[in-house]
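The next block holds one structure in the form of structure tokens; read it before the comments.
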Amino acid sequence: MADSGTYPDSKTRFIFITGGVMSGLGKGTATASIGRLIKNHNSKIVVVKCDGYLNVDPGTMNPTEHGEVYVLNDGTEVDMDFGHYERFIGVEGEGEWNITSGKLFSRLIEKERHGDFLGKTIQIIPHAVNEIIDWWLRLRDKYNPDYMLIEIGGTVGDIENSWFIEAAHRLKQRVGKQNIGYIHLTYVPMLYNTGELKTKPAQRDLALVNEQGISPDIVIVRSKYNLNNHLKTKISDSVGINKNRIINGIDMENIYEIPLAFNKQNILHSLEEIFNIKIETDMHEWEQLIDNIRHPEKEITIAICGKYTALHDSYASVIEALNHSGAHLKTKVNIKWIETTDIENGLLKVEDALKGVDGVIVPGGFGLRGIEGKIQIIRYVRENKIPFLGLCLGLQLAVIEFARDVCGLKDANSTEFTEEGKTTEYPIIDILPEQKNIDHKGGTMRLGAYPAVLKQGTIVRELYGREMISERHRHRYEVNPDYHKTLESNGLVLSGMSPDRKLVEFVELPKNVHPYFVATQAHPELKSWFEKPAPLFYGLVKSINENHL
Ligand code: GLN
């Protein structure tokens with residue numbers, strides 16, 4: 001395809017990120033890192049993720065299998081890679097930026113039933129591929145970004161993402177090669193017995209990429225060690241690009257170092273060459289934060305008490321939110337995982353579990369297993385004045401614990417658990433009225449960003465610094481309005497409410513009772529960025545630091 005055709009006038013540059021050899025190489029963090037580097041005060045970025053699976057969205061997948069479900073402002077449940085994009089680049093994603101094969105085929109079949117293709121045989125090529133290209137171009141026309149980063153999930157060669165790869169190749173015909181950069185992540189393993197890096201799998205991978213019609217402009221090599229010149233030449237020769245377009249992507253302890261590592265290897269210069277433009281970047285504050293991480297002044301331990309603790313990916317955003325606050329407060333935050341089923345089964349005592357722990361997070365979750373263990377932990381941290389942050393289910397359990405122990409409502413519980421066989425006279429947490437008649441499980445929770453009004457003089461109001469805020473949600477249950485008064489009269493501060501005052505969004509104990517006992521029905525971890533940490537996590541780390549002094 002010649003590069004000299006005429007194409008509709010658009011400033012948008014497309015950057016594709018593909019991966020090969022195997023999954024799990026960190027395409028998401030690579031995409032996010034490149035996005036952060038090309039971002040500056042006046043560039044606009046859209047990040048698109050194409051996922052091959054046939055689920056419409058990952059909301060119905062098990063977090064132990066697929067990692068955390070990430071929720072966007074508009075309520076779309078997306079792949080956790082969106083978390084990386086938002087945290088690194090500081091963009092807020094939109095549901096239509098995630099194209100799954102499930103969404104793609106639903107749309108095609110809907111069109112077919114509607115009669116849009118009358119007389120035609122609908123095929124992957126051209127129909128599915130054109131549908132993808134039209135989707136990308138629709139996003140370009142709607143947002144008019146300077147850059148559109150498009151990450152293609154899975155590895156090149158998988159059947160289920162082949163239509164996305166084909167579309168990436170064919171986009172040239174629509175926008176011109178001069179407006180597209182192809183970046184491919186490959187892998188160079190090390191032979192254990194000799195400690196030698198072997199490039200053969202990468203060479204085969206790149207041959208496969210070429211076969212699919214894509215010639216990478218930049219290759220990022222994931223490996224344990226940096227490739228020497230000789231090995232770089234082997235890779236660059238197999239794609240026919242200059243050696244300086246081969247970027248080492250070695251394993252890093254801290255993912256926020258990745259943009260700086262790419263920058264050092266002049267990836268921006270390569271992009272400038274590809275697009276024939278000048279790219280300004282500003283990594284000053286970022287470098288400062290990295291310096292804070294490298295030279296922390298304090299070290300603390302925070303326990304995350306959950307059920308999916310076997311797979312830390314299910315709490316990825318919570319961990320990152322702690323890292324962000326730690327970086328800003330020059331504090332190294334160690335995480336201790338507590339499996340709360342062990343506590344309720346009597347295998348672990350609360351005081352043993354919390355030994356050496358400076359603060360506790362009870363994060364979101366579903367189902368009865370582990371619940372009573374979490375409630376025991378909350379009682380302990382409330383009584384022993386250990387800083388505590390409850391997130392979503394964490395708020396619901398803090399309210400249950402407070403109702404049982406302080407308000408004297410002995411078996412207070414959530415109707416989420418009475419559905420699983422528990423009984424209660426006091427359904428202090430109850431299903432949201434609009435959730436009562438829903439039996440479809442996909443995308444039907446109370447999802448996405450909702451506003452809350454914060455009460456004057458509270459911890460949360462001070463941390464957010466304003467009265468009206470917005471956080472993202474993913475839940476079906478809420479504090480039962482019949483009990484708002486009882487909770488308040490017993491000393492629980494309902495510090496943030498929905499604007500119509502029906503839903504409790506934040507609760508806390510007054511500072512003279514407890515140094516930091518704060519919980520929210522929202523998931524503020526979904527809006528924590530490296531350069532702008534979420535206020536409640538910042539408050540937790542800060543209160544621990546102050547307690548330590
Ligand atoms: N299971 C609870 C609910 O549905 C909490 C959900 C969550 O923590 N995300 O309301």
Those residues of the range 388-403 which are more than 10 Å from the ligand (Cβ to nearest atom) and more than 16 Å from Val493 (Cα to Cα), in sequence order = none
Filter the range 437-452 for residues that are under 14 Å from His475 (Cβ atoms), assigned to a loop (DSSP other than H, G, I, E, B) and modelled with pLDDT of 65 or more and give the result.
-> Gly443, Thr444, Met445
Of those in the range 73-96 that are of a type in the set (A, V, I, L, M, F, W, C) and surrounded by fewer than 23 Cβ atoms within 10 Å (Cβ to Cβ), the residue farthest from Arg138 (Cα to Cα) is Met80
Tally the residues that are within 14 Å of the chain's Cα centre (by Cα), of a type outside the set (Gly, Ala, Ser) and assigned to a helix (DSSP H, G or I), restricting the search to the range 24-61.
-> 4
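Quick check, is Glu339 away from the ligand (no atom under 16 Å from the Cβ), touching a strand residue (DSSP E or B) at 6+ places or on another chain (Cβ under 8 Å), among the charged types (D, E, K, R) and free of Cβ contacts under 8 Å to residues at least 60 places away in the same chain?
Details: away from the ligand (no atom under 16 Å from the Cβ): yes; touching a strand residue (DSSP E or B) at 6+ places or on another chain (Cβ under 8 Å): yes; among the charged types (D, E, K, R): yes; free of Cβ contacts under 8 Å to residues at least 60 places away in the same chain: yes.
The answer is yes for Glu339.
If you go through the range 445-454 one residue at a time, how many are away from the ligand (no atom under 13 Å from the Cβ) and of a type in the set (Gly, Ala, Ser)?
Taking the range 445-454 first, the residues away from the ligand (no atom under 13 Å from the Cβ) are 449-454.
Checking the rest, the ones that are also of a type in the set (Gly, Ala, Ser) come to 449, 452.
Selection size over the range 445-454: 2.
Quickly run through the range 181-227 and pick out the residues that are part of a loop (DSSP other than H, G, I, E, B) and among the hydroxyl-bearing types (Ser, Thr, Tyr). I'd like the intermediate steps shown before the answer.
Filtering the range 181-227 down to residues part of a loop (DSSP other than H, G, I, E, B) leaves 189, 192-195, 198-199, 212-217, 224-227.
Passing the criteria: Tyr192, Thr194, Thr199, Ser215, Tyr225.
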Those residues of the range 512-549 which are closer than 26 Å to Asn323 by Cβ and in a loop (DSSP other than H, G, I, E, B), in sequence order | His514, Pro515, Tyr516, Gln521, Ala522, His523, Ser528, Phe530, Glu531, Pro533, Ala534, Leu549
Of these, Lys330, Lys355, which one is surrounded by fewer than 19 Cβ atoms within 10 Å (Cβ to Cβ), under 25 Å from the mean Cα position of the chain (by Cα) and either away from the ligand (no atom under 16 Å from the Cβ) or on the phi > 0 side of the Ramachandran plot (or both)?
-> Lys330
Only one of Asn323, Asn292 is farther than 24 Å from Ile15 by Cα, in a helix (DSSP H, G or I) and more than 21 Å from the chain's Cα centre (by Cα), namely Asn292
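What helices (runs of 4 or more DSSP H) completely inside the range 346-416 contain at least 1 residues that are over 23 Å from Glu478 (Cα atoms) and modelled with pLDDT of 95 or more?
Working: elements: 350-353, 371-383, 393-405.
Filter on the range 346-416 gives 350-353, 371-383.
Considering only residues that are of a type in the set (Phe, Trp, Tyr) and closer than 19 Å to Glu131 by Cβ, look in the range 144-170 and name the one that is nearest to the chain's Cα centre (by Cα). Quick ask: steps written out before the conclusion?
So in the range 144-170, the residues of a type in the set (Phe, Trp, Tyr) come out as 147, 163-164.
From the residues that got through so far, the ones that are closer than 19 Å to Glu131 by Cβ too are 163-164.
Working: Trp163: 25, Phe164: 22 Å.
Here the residue is Phe164.
Can you confirm whether Glu505 is touching a Pro at 6+ places or on another chain (Cβ under 7 Å), in contact (Cβ under 8 Å) with a residue 40 or more places away in the chain and among the acidic types (Asp, Glu)? Lay out the reasoning, then the answer.
Details: touching a Pro at 6+ places or on another chain (Cβ under 7 Å): no; in contact (Cβ under 8 Å) with a residue 40 or more places away in the chain: yes; among the acidic types (Asp, Glu): yes.
Against the criterion (touching a Pro at 6+ places or on another chain (Cβ under 7 Å), in contact (Cβ under 8 Å) with a residue 40 or more places away in the chain and among the acidic types (Asp, Glu)), Glu505 does not qualify.
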Name the pairs whose Cβ atoms lie under 9 Å apart, with the first residue in the range 6-21 and at pLDDT below 85, the second β-branched (Val, Ile, Thr), and 6 or more positions between them or separate chains?
-> Tyr7/Val175; Pro8/Val175; Ser10/Val175
Count - residues of the range 275-294 that are in contact with a helix residue (DSSP H, G or I) (Cβ under 8 Å, 6 or more places away or on another chain) and either surrounded by 14 or more Cβ atoms within 10 Å (Cβ to Cβ) or of a type in the set (Asp, Glu) (or both) | 10
Neighbours by Cβ (under 8 Å, 6+ apart or cross-chain): first from the range 29-44, in contact (Cβ under 8 Å) with a residue 40 or more places away in the chain and closer than 18 Å to His184 by Cβ; second outside any helix (DSSP H, G or I) and among the small types (Gly, Ala, Ser) | Ala30/Gly249
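Within the range 442-472, can you find the residues that are under 18 Å from the mean Cα position of the chain (by Cα) and either small (Gly, Ala, Ser) or within 17 Å of Lys502 (Cβ to Cβ) (or both)?
From the range 442-472, those under 18 Å from the mean Cα position of the chain (by Cα) are 443, 447-449, 470-472; that's our starting set.
Once the filter is applied, which keeps residues that are under 18 Å from the mean Cα position of the chain (by Cα) and either small (Gly, Ala, Ser) or within 17 Å of Lys502 (Cβ to Cβ) (or both), the range 442-472 yields Gly443, Gly448, Ala449, Ser470, Glu471.
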For Cys407, work out the one condition from (1) over 26 Å from Pro535 (Cβ atoms); (2) touching an Asp or Glu at 6+ places or on another chain (Cβ under 9 Å); (3) in contact (Cβ under 8 Å) with a residue 60 or more places away in the chain; (4) more than 16 Å from the ligand (Cβ to nearest atom) it doesn't fulfil.
-> (2)
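Pick from Gly491, Gly496, Gly457: which is in contact with a helix residue (DSSP H, G or I) (Cβ under 8 Å, 6 or more places away or on another chain) and either closer than 18 Å to His523 by Cβ or away from the ligand (no atom under 16 Å from the Cβ) (or both)?
On the way: Gly491 fails: in contact with a helix residue (DSSP H, G or I) (Cβ under 8 Å, 6 or more places away or on another chain); Gly457 fails: in contact with a helix residue (DSSP H, G or I) (Cβ under 8 Å, 6 or more places away or on another chain).
Result: Gly496 is the single residue among Gly491, Gly496, Gly457 that is in contact with a helix residue (DSSP H, G or I) (Cβ under 8 Å, 6 or more places away or on another chain) and either closer than 18 Å to His523 by Cβ or away from the ligand (no atom under 16 Å from the Cβ) (or both).
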Only unsatisfied item for Ile150, checking (1) surrounded by fewer than 20 Cβ atoms within 10 Å (Cβ to Cβ); (2) in contact with a Cys (Cβ under 7 Å, 6 or more places away or on another chain), is (1)
Exactly one condition in (1) modelled with pLDDT under 95; (2) out of contact with any helix residue (DSSP H, G or I) (no Cβ under 7 Å at 6 or more places or on another chain); (3) in a helix (DSSP H, G or I) is not met by Glu160; state its number.
-> (2)
With criteria (1) in contact (Cβ under 8 Å) with a residue 24 or more places away in the chain; (2) assigned to a loop (DSSP other than H, G, I, E, B), Arg140 comes up short on (2)
How many residues does the range 70-125 hold that are of a type in the set (S, T, N, Q), in a helix (DSSP H, G or I) and within 20 Å of Ile17 (Cβ to Cβ)?
-> 1
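Mind telling me which of the residues Leu393, Leu354, Leu432 ends up being closer than 22 Å to Thr486 by Cα, touching a residue at least 24 places away in the same chain (Cβ under 8 Å) and touching a helix residue (DSSP H, G or I) at 6+ places or on another chain (Cβ under 9 Å)?
Numbers: Leu354 fails: closer than 22 Å to Thr486 by Cα; Leu432 fails: touching a helix residue (DSSP H, G or I) at 6+ places or on another chain (Cβ under 9 Å).
Testing whether each residue is closer than 22 Å to Thr486 by Cα, touching a residue at least 24 places away in the same chain (Cβ under 8 Å) and touching a helix residue (DSSP H, G or I) at 6+ places or on another chain (Cβ under 9 Å) leaves just Leu393.
The values are calculated or read from the model by the stated rules, or taken from the named source; none is laboratory data. All of these numbers come straight from a predicted model, not from anything done at the bench. No Cβ is skipped: glycine too gets one built from the backbone with ideal geometry, and neighbour counts run over all protein chains shown.
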